[in-house]
Amino acid sequence: MLSITPNLSIDENEITLQFIRSSGPGGQNVNKVASAVQLRFDVGNSPSLPGDVRTRLIRLAGRRVTQEGILVIDARQFRTQERNREDAVARFIDLVRRAAERPKPRKKTRPSQAAKDRRIESKKQRGKVKQMRRMVTPE
(Lines give C-alpha, C1' and ligand atoms only; values in the text may rest on other atoms or scores of the structure.)
Protein backbone atom coordinates (compact mmCIF):
# COMPACT_ATOMS: atom_id res chain seq x y z
CA MET A 1 0.00 0.00 0.00
CA LEU A 2 1.23 3.45 -0.95
CA SER A 3 0.25 5.92 1.75
CA ILE A 4 -0.69 9.25 0.17
CA THR A 5 -2.42 11.05 3.03
CA PRO A 6 -3.52 9.80 6.47
CA ASN A 7 -6.92 8.78 5.06
CA LEU A 8 -5.97 7.95 1.43
CA SER A 9 -3.82 5.04 0.30
CA ILE A 10 -3.49 3.26 -3.03
CA ASP A 11 -2.85 -0.44 -3.49
CA GLU A 12 0.43 -1.13 -5.29
CA ASN A 13 -1.36 -3.67 -7.52
CA GLU A 14 -3.20 -0.77 -9.21
CA ILE A 15 0.13 0.60 -10.48
CA THR A 16 1.97 -1.06 -13.35
CA LEU A 17 5.62 -0.35 -14.01
CA GLN A 18 7.08 -0.98 -17.44
CA PHE A 19 10.76 -0.67 -18.22
CA ILE A 20 11.74 0.85 -21.57
CA ARG A 21 14.95 1.95 -23.21
CA SER A 22 15.92 5.45 -22.34
CA SER A 23 17.71 8.25 -24.07
CA GLY A 24 19.84 10.45 -21.89
CA PRO A 25 22.69 9.53 -19.52
CA GLY A 26 24.15 6.04 -19.70
CA GLY A 27 26.66 5.97 -22.55
CA GLN A 28 26.73 2.70 -24.49
CA ASN A 29 24.57 1.21 -21.76
CA VAL A 30 21.57 3.16 -23.13
CA ASN A 31 21.22 0.86 -26.13
CA LYS A 32 21.37 -2.35 -24.08
CA VAL A 33 19.49 -1.78 -20.84
CA ALA A 34 15.87 -0.71 -20.35
CA SER A 35 16.49 1.73 -17.52
CA ALA A 36 13.61 4.16 -18.08
CA VAL A 37 10.38 3.52 -16.18
CA GLN A 38 6.85 4.09 -17.38
CA LEU A 39 4.36 4.13 -14.49
CA ARG A 40 0.72 3.53 -15.44
CA PHE A 41 -2.27 4.07 -13.16
CA ASP A 42 -5.91 3.70 -14.19
CA VAL A 43 -7.43 6.85 -12.72
CA GLY A 44 -10.90 6.26 -14.14
CA ASN A 45 -11.39 2.78 -12.67
CA SER A 46 -9.43 3.03 -9.42
CA PRO A 47 -11.48 1.98 -6.36
CA SER A 48 -9.00 3.75 -4.05
CA LEU A 49 -9.76 7.29 -5.26
CA PRO A 50 -12.82 9.28 -4.17
CA GLY A 51 -14.66 11.06 -7.00
CA ASP A 52 -13.51 14.59 -6.20
CA VAL A 53 -9.85 13.50 -5.96
CA ARG A 54 -10.23 11.64 -9.26
CA THR A 55 -11.48 14.72 -11.13
CA ARG A 56 -8.78 16.97 -9.62
CA LEU A 57 -6.10 14.39 -10.48
CA ILE A 58 -7.22 14.23 -14.11
CA ARG A 59 -7.21 18.03 -14.32
CA LEU A 60 -3.79 18.32 -12.62
CA ALA A 61 -2.18 15.60 -14.74
CA GLY A 62 -3.25 17.21 -18.01
CA ARG A 63 -1.64 15.54 -21.04
CA ARG A 64 -0.25 12.72 -18.92
CA VAL A 65 -3.74 11.14 -18.80
CA THR A 66 -4.77 9.19 -21.92
CA GLN A 67 -8.23 9.15 -23.51
CA GLU A 68 -8.95 5.91 -21.61
CA GLY A 69 -8.22 7.62 -18.27
CA ILE A 70 -4.81 6.07 -17.66
CA LEU A 71 -2.16 8.24 -16.03
CA VAL A 72 1.30 7.70 -17.57
CA ILE A 73 4.44 8.99 -15.83
CA ASP A 74 7.81 8.60 -17.57
CA ALA A 75 10.97 8.58 -15.45
CA ARG A 76 14.28 8.53 -17.31
CA GLN A 77 16.39 10.98 -15.35
CA PHE A 78 18.77 8.47 -13.78
CA ARG A 79 21.00 5.69 -15.12
CA THR A 80 19.54 2.86 -13.05
CA GLN A 81 16.13 1.22 -13.11
CA GLU A 82 15.85 1.39 -9.34
CA ARG A 83 16.36 5.15 -9.09
CA ASN A 84 14.01 5.77 -12.01
CA ARG A 85 11.38 3.55 -10.35
CA GLU A 86 11.72 5.51 -7.09
CA ASP A 87 11.49 8.78 -9.01
CA ALA A 88 8.33 7.70 -10.87
CA VAL A 89 6.60 6.51 -7.69
CA ALA A 90 7.60 9.69 -5.81
CA ARG A 91 6.25 11.88 -8.62
CA PHE A 92 3.02 9.84 -8.68
CA ILE A 93 2.55 10.18 -4.91
CA ASP A 94 3.21 13.93 -5.10
CA LEU A 95 0.65 14.35 -7.90
CA VAL A 96 -2.04 12.39 -6.03
CA ARG A 97 -1.24 14.26 -2.81
CA ARG A 98 -1.74 17.61 -4.57
CA ALA A 99 -5.03 16.32 -6.03
CA ALA A 100 -6.20 15.21 -2.57
CA GLU A 101 -5.99 18.77 -1.21
CA ARG A 102 -9.33 20.51 -1.31
CA PRO A 103 -9.05 23.94 -2.91
CA LYS A 104 -9.94 26.82 -0.62
CA PRO A 105 -13.27 28.33 -1.74
CA ARG A 106 -12.95 31.83 -3.13
CA LYS A 107 -14.71 34.58 -1.22
CA LYS A 108 -16.06 37.44 -3.28
CA THR A 109 -14.75 40.81 -2.17
CA ARG A 110 -15.54 44.37 -3.15
CA PRO A 111 -13.38 47.46 -3.04
CA SER A 112 -14.28 49.84 -0.23
CA GLN A 113 -15.74 53.28 -0.94
CA ALA A 114 -12.47 54.88 0.19
CA ALA A 115 -10.52 52.74 -2.30
CA LYS A 116 -12.92 53.75 -5.08
CA ASP A 117 -12.52 57.42 -4.13
CA ARG A 118 -8.70 57.13 -4.14
CA ARG A 119 -8.81 55.54 -7.59
CA ILE A 120 -11.07 58.28 -9.02
CA GLU A 121 -8.92 60.99 -7.42
CA SER A 122 -5.73 59.59 -8.95
CA LYS A 123 -7.45 59.45 -12.36
CA LYS A 124 -8.49 63.07 -12.02
CA GLN A 125 -4.95 64.04 -11.02
CA ARG A 126 -3.54 62.24 -14.06
CA GLY A 127 -6.08 64.03 -16.29
CA LYS A 128 -4.97 67.41 -14.88
CA VAL A 129 -1.32 66.60 -15.63
CA LYS A 130 -2.19 65.76 -19.23
CA GLN A 131 -4.35 68.86 -19.55
CA MET A 132 -1.43 71.04 -18.48
CA ARG A 133 0.69 69.58 -21.30
CA ARG A 134 -1.75 70.75 -23.99
CA MET A 135 -0.72 73.59 -26.20
CA VAL A 136 -2.36 76.89 -25.37
CA THR A 137 -4.02 78.54 -28.35
CA PRO A 138 -3.12 82.25 -28.74
CA GLU A 139 -6.04 84.67 -28.84
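The values are calculated or read from the model by the stated rules, or taken from the named source; none is laboratory data. Nothing here was measured: the structure is a model prediction, and the numbers come from that model. Note that each Cβ is placed from the backbone with ideal geometry, even for glycine, and that neighbours are counted across all protein chains shown.
Observations, loosely collected:
- Scanning segment 33-68 for residues that are of a type in the set (A, V, I, L, M) and farther than 27 Å from Pro6 by Cβ yields a count of 4.
- Selection within segment 48-59 - in a loop (DSSP other than H, G, I, E, B) and over 18 Å from Glu12 (Cβ atoms): Pro50
- One residue stands out among those in segment 89-113 that are in contact with a helix residue (DSSP H, G or I) (Cβ under 9 Å, 6 or more places away or on another chain) and part of a loop (DSSP other than H, G, I, E, B): the one that is modelled with the highest pLDDT, which is Pro111.
- Segment 65-78, residues that are within 17 Å of Leu17 (Cβ to Cβ) and either assigned to a loop (DSSP other than H, G, I, E, B) or hydroxyl-bearing (Ser, Thr, Tyr) (or both): Thr66, Arg76, Gln77, Phe78
- The listed residue being in a helix (DSSP H, G or I) and at pLDDT below 85, out of Gly44, Gly62, Gly127: Gly62
- Of all residues in segment 67-88, those satisfying the criterion of being surrounded by 13 or more Cβ atoms within 10 Å (Cβ to Cβ) and at pLDDT below 80 are Gly69, Arg76, Gln77, Phe78, Arg79, Gln81.
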